[in-house]
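Okay, so here's the structure we're looking at.
Computed from the coordinates by the stated procedures, all read-outs in this text should not be read as laboratory data. Note that the coordinates shown come from a computational prediction; the quantities given were computed from them, not determined experimentally. With ideal geometry, Cβ positions are generated from the backbone for all residues, glycine too; neighbour counts draw on all protein chains shown.
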Amino acid sequence: MSENVKQSKMVGKQSILFQNPPCIISAASIAGKKEGEGPLGSLFDVVCEDPLVGKNSWEEAESELMKQAAGKVLEKAGLKNTDIRYLVGGDLLGQLIATSFGIAELEIPLIGIYGACSTMGEAMSIGAMLVDGGYADKVLAITSSHFAGAEKQFRFPLDYGNQRPYSASWTVTGSGAVILADRNSNKKNSSEPNIVIKGITPGKIVDYGLKDSMNMGAAMAPAAFETIKQNFEDFGVQPSYYDKIITGDLGYVGKNILIDLLKEKNYDISSNHMDCGIEIFDKDSQDTHAGGSGCGCSAVTFTSYILKQLKERSWKRVLFIPTGALLSQVSFNEGKSVPGIAHAVIVEAE
């Protein structure tokens, strides 16, 4: 990264470089039974065998997942709810009801956000800006999704028994949370590196006119392309600058589209690209078609697997890009297209 980039927080057209990069001092992942049976199952903090998590509805179950994730991330950090200045979070359900009902009893000031499946990237970005700007000492960023709740809201209730095309992804049941803190207040185990958010590239809405709600990878890939390309241009780097370039839930369909779009601009990420939607399920044994998706997909993959690789110094620097499809029941039923968005977060082990 060039020296002139390091002199200002505002970088290029839409990126930010933090002068006091916030530390990720704690992370937690709560996942469902299917996710627990996948390749990352042993890394999750909690695997819930009951899809209803002891509740009466899918929506209440998702709120419980978020409540457990918030409790676990506080426990792992040795903190209380009163130690957190702000909570930044959201989910896929209408009016963010999983978030509002799930974390209400924590009584932490809430900044509720919606970025569809990109919400974890958006939450971490806003949280990092709050900490770097001196507006908060500790921020909890959190999101969640639930397979049954998402199917009920965006597609068909499970009882309908409809057939899913091979381009369809499987919404992850799970919740992931991180606590961001000022690096000067971080007391860590000396054997582990500081994990910091060095910079961000917030994404813009990109709409290629796709109207197929069963092909989220194709809808989101153009947004991921625009954000990743802008990150390279703003910071003056090549794909090799990052050990891994990690998208949220493009799946097998979106991954190929993203790689092709970037190659047209002379950026080849094929050797160091990874997608959370591909990593979280086993393609051969779990029958999830195009892979995983949902707010919880990138969140639980980041908090379990990605952070582990950084802490073990297997990777030094990653570009984490959760991706979202900005559709609703209303927009889809009115025949609107499915716009995409993607937010990039630079995460480093120091």
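Odds and ends about this structure:
- In this structure, the amide hydrogen of residue 294, modeled 1.01 Å from its nitrogen in the peptide plane, lies closer than 5 angstrom to those of 172, counting only residues at least 5 positions away or on a different chain.
- Averaged over residues, the count of other Cβ atoms within 10 Å places the peptides 252-258, 305-311 in the sequence 252-258, 305-311, highest first.
- Remark: region 22-32, residue by residue, has Karplus-estimated 3J(HN,Hα) of x, 8, 8, 9, 7, 8, 9, 9, 10, 10, x Hz, where x stands for each Gly or Pro and the curve is 6.51 cos²θ - 1.76 cosθ + 1.60 at θ = phi - 60°.
- Other-chain or far-sequence residues with amide H under 5 Å of residue 289's (modelled H): none
- Over 18 Å between alpha carbons, listed pairs 33/283; 255/316; 33/76; 138/244; 80/138: 255/316; 33/76; 138/244
- Here is the list for region 256-334: GluC sites (Glu not before Pro) lying in DSSP coil, each with at most 15 other C-beta atoms within 10 angstrom of its C-beta, are 264, 312, 334.
- Of all DSSP beta bridges in region 205-350, antiparallel share, percent nearest 5: 55 percent
- Candidates 266, 194, 20, ranked by Gaussian network fluctuation over the chain, Cα under 10 Å, top entry: 266
- Most to least packed among 102-111, 116-125 [average Cβ atoms within 10 Å]: 116-125, 102-111
- HN-Hα J in Hz across region 64-80 - Karplus 6.51, -1.76, 1.60, θ = phi - 60°, x for Gly and Pro: 5, 4, 5, 4, 5, 5, 5, x, 5, 5, 5, 4, 5, 8, x, 10, 10
- Annotation for region 41-104: GluC sites (Glu not before Pro) lying in DSSP loop with at most 13 further Cβ atoms inside 10 Å of their Cβ are 49.
- For the chain, DSSP calls about 60 percent of its internal beta bridges antiparallel.
- Positive minus negative residues near residue 32 (Lys, Arg vs Asp, Glu; Cβ under 12 Å): -4
- Taking amide H as placed 1.01 Å from N in the peptide plane, the amide H of residue 48 sits under 5 Å from that of 31, 32, 33, each at least 5 places away or on another chain.
- C-alpha center-to-center spacing [region 295-348, region 28-88] in angstrom: 18 Å
- With θ taken as phi - 60° and the Karplus curve 6.51 cos²θ - 1.76 cosθ + 1.60 applied, the whole-hertz 3J(HN,Hα) list for region 107-120 is 6, 9, x, 10, 10, x, 9, 9, x, 6, 6, 8, 4, 5 Hz, x standing for glycine and proline.
- Applying the criteria of a DSSP loop state and at most 11 other Cβ atoms within 10 Å to the trypsin sites (Lys or Arg not before Pro) of region 1-92 yields 13, 80.
- Entry note, region 1-136: relative contact order of 21 percent, from Cα contacts under 8 Å with a spacing of 6+ residues.
- Short-range pairs are left out: with C-alpha atoms under 8 Å and at least six residues apart, the relative contact order of the chain is 25 percent.
- Summed residue charge, Cβ within 13 Å of residue 292's Cβ, Lys/Arg positive, Asp/Glu negative: -4
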